[in-house]
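The values are calculated or read from the model by the stated rules, or taken from the named source; none is laboratory data. As the structure is a prediction and not an experimental result, all values here were calculated from the model. No Cβ is skipped: glycine too gets one built from the backbone with ideal geometry, and neighbour counts run over all protein chains shown. To get the accessible areas, we keep the full protein, side chains included, count just its heavy atoms, and leave off ligands, DNA and RNA. Shrake-Rupley method; radii C 1.70, N 1.55, O 1.52, S 1.80 Å.
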Amino acid sequence: MTVPTRELEISGFRGDVITAEHADYDDARAIWNGMVDRRPRLIARCTGAADVAAAVRFARDHDLEIAVRGGGHNVAGTAVCDEGIVIDLSAMRAVSVDPAERTVHVQGGALWGDVDHETQAHGLATTGGIVSHTGVGGLSLGGGIGWLMRKHGLVVDNLVEAEVVTAEGEIVRASAHDHPDLFWALRGGGGNFGVVCSFRFAVHPLGPTVTAGPVIWAAEDTAEVLRFYREFVADAPDELGTIIRLGTIPPGPAVSHELRFRPAIAVGCCYAGPVPDGERAVRALREFGTPLLDLVGPTRYVDHQSGNDDTVLHGWHYYWKAASLMGLSDEVIDVIAEHAHRATSPRSYAAIFHMGGAVARVPRDATAYPGRDVAHHIIIDAVWPADQHGAVATAETAWAREFVQALQPHRAGVYVNFLDSDDDASRVREAYGDDTYRRLAQIKATYDPENVFHHNKNIEP
Ligand SMILES: Cc1cc2nc3c(=O)[nH]c(=O)nc-3n(C[C@H](O)[C@H](O)[C@H](O)COP(=O)(O)OP(=O)(O)OC[C@H]3O[C@@H](n4cnc5c(N)ncnc54)[C@H](O)[C@@H]3O)c2cc1C
């Protein structure tokens, strides 16, 4: 519906309202994935929960579609809509640590770099995203995987409480004691249940220096490295988080000119414990085969957390496919080795997250993140600069589709936060499984019966 500009005044709103006439409009509607080009009627840049509540009520009164923007990193671009209103939390990034209580209070528009910066000042950390410019909001609400999860659980396993603006425009608190059904749904159910204005997470002693970094082998060694890795992680301690990256070697100060953009397989490590213990835990990995490069060493945790930032810049074009795997069987390894290095863009890559540990010890029905028994999530990330849209885009999207299709026989669901825009409602159901989806739909019927919050990976009431 088209609302005349003079009616775009939100009663009781203190933040900025940005419409197409404003100089900031194009910046304000741009998100991480440069392929997403949507033109909302207005962007309500909120300063706090009161603004969010006012914006929700305004949207409902004017029958405007709502998109909620946290960090703006969702590849499907759900943070912006055409014609409707964007409830933009990007000005709500405050983070404060309570060291005595061992919790951190995080506003709904904060980025993971904000959280790491503040928590590490106290020698504390919590599980968070592996790229510091990713938003806390969307990542947390889908479950939240990261380097520390095998020791400290998923992001949602650390959630203590959340302040939420509901579809009615009411501000409520959700925790194990207040609105426990809403609290359950927020821990995996995405942005379906309201706008989270702030989170409180448990934090744990860490660092500031940890044993971290990648060991990198030539692409030709992919199958052998994966077979070794399968045994290596089988009895890895919970403290050891590892993520495999299959793609070219990103340029960086520690990478020689000859190795830049060379196709490779890297196993990234981060040990959530004392540095010497970490060195012992990764020794066998570093001694395997003939690495091209070994960058493992004592590293500041905050540096490790932002070490991949430049490999996924804002404004490039991105297309993702993903699947969950119960293990790295010989067949799975063969598929990965065959497809991983077929991308033509040197920016494209696949990443394989090692799950298990504390993640697997939480009962499946304790939260709305159901994939507790999954061994690995794989994400196939086609990436190309905006000015190469055309033949490169076609080749890269085909690569991602063929790769995920080849994994189809081994697929054990998918992580909801890795779904792209052409993943339809059946994929959302796949991500949750029948039992979790049914329970989420019931809670949705209580908190958002009219599906006001539907511009997301939608759970229908
Ligand atoms: C470079 C990169 C690295 C990533 N790394 C990881 C990783 O390490 N671990 C991992 O688990 N995932 C990772 N992801 C996936 C990530 O979890 C999703 O992209 C997630 O949607 C990003 O959240 P956001 O707030 O930045 O995104 P947005 O696009 O702003 O939000 C996505 C959706 O989440 C909802 N939402 C966001 N904030 C709020 C809020 N405060 N209240 C209510 N709803 C909200 C809205 O429905 C919104 O449409 C990564 C993504 C990228 C692009």
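Applying the selection to the range 415-445, what residues are in contact (Cβ under 8 Å) with a residue 40 or more places away in the chain, part of a helix (DSSP H, G or I) and out of contact with any helix residue (DSSP H, G or I) (no Cβ under 7 Å at 6 or more places or on another chain)?
Phe418, Gly433, Asp435, Thr436, Arg439
Among the residues of the range 173-190, how many are without any contact (Cβ under 8 Å) to a residue 12 or more places away in the chain and either within 13 Å of the ligand (Cβ to nearest atom) or not in a loop (DSSP other than H, G, I, E, B) (or both)?
Total satisfying the criteria: 1.
How many of the residues making up the range 79-96 are open to solvent by 30 Å² or more (accessible area, probe 1.4 Å) and of a type outside the set (Gly, Ala, Ser)?
Going through the range 79-96 one residue at a time, the tally reaches 3.
Results for (1) in a loop (DSSP other than H, G, I, E, B); (2) in contact with a helix residue (DSSP H, G or I) (Cβ under 6 Å, 6 or more places away or on another chain), shown as yes or no for each residue.
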{"site": "His314", "(1), (2)": "yes, no"}
{"site": "Ala323", "(1), (2)": "no, yes"}
{"site": "Ile336", "(1), (2)": "no, no"}
{"site": "His339", "(1), (2)": "no, yes"}
{"site": "Ile352", "(1), (2)": "no, no"}
{"site": "Pro370", "(1), (2)": "yes, yes"}
{"site": "Val374", "(1), (2)": "yes, no"}
{"site": "Ala382", "(1), (2)": "no, yes"}
{"site": "Glu402", "(1), (2)": "no, no"}
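Consider Arg262 carefully, then state whether it is in contact with a strand residue (DSSP E or B) (Cβ under 8 Å, 6 or more places away or on another chain), over 28 Å from His117 (Cβ atoms) and touching a residue at least 12 places away in the same chain (Cβ under 8 Å).
yes
Answer yes or no as to whether Phe193 is away from the ligand (no atom under 12 Å from the Cβ), under 23 Å from the mean Cα position of the chain (by Cα), aromatic (Phe, Trp, Tyr) and open to solvent by less than 20 Å² (accessible area, probe 1.4 Å).
No.
How many residues, within the range 97-109, are more than 9 Å from the ligand (Cβ to nearest atom) and within 23 Å of Ala79 (Cα to Cα)?
The qualifying residues number 2.
More than 9 Å from the ligand (Cβ to nearest atom), of a type outside the set (S, T, N, Q) and either more than 23 Å from the chain's Cα centre (by Cα) or modelled with pLDDT under 95 (or both): is that true of Arg45 in this structure? Write out each step before concluding.
Details: more than 9 Å from the ligand (Cβ to nearest atom): yes; of a type outside the set (S, T, N, Q): yes; either more than 23 Å from the chain's Cα centre (by Cα) or modelled with pLDDT under 95 (or both): no.
So Arg45 does not fit the description; no.
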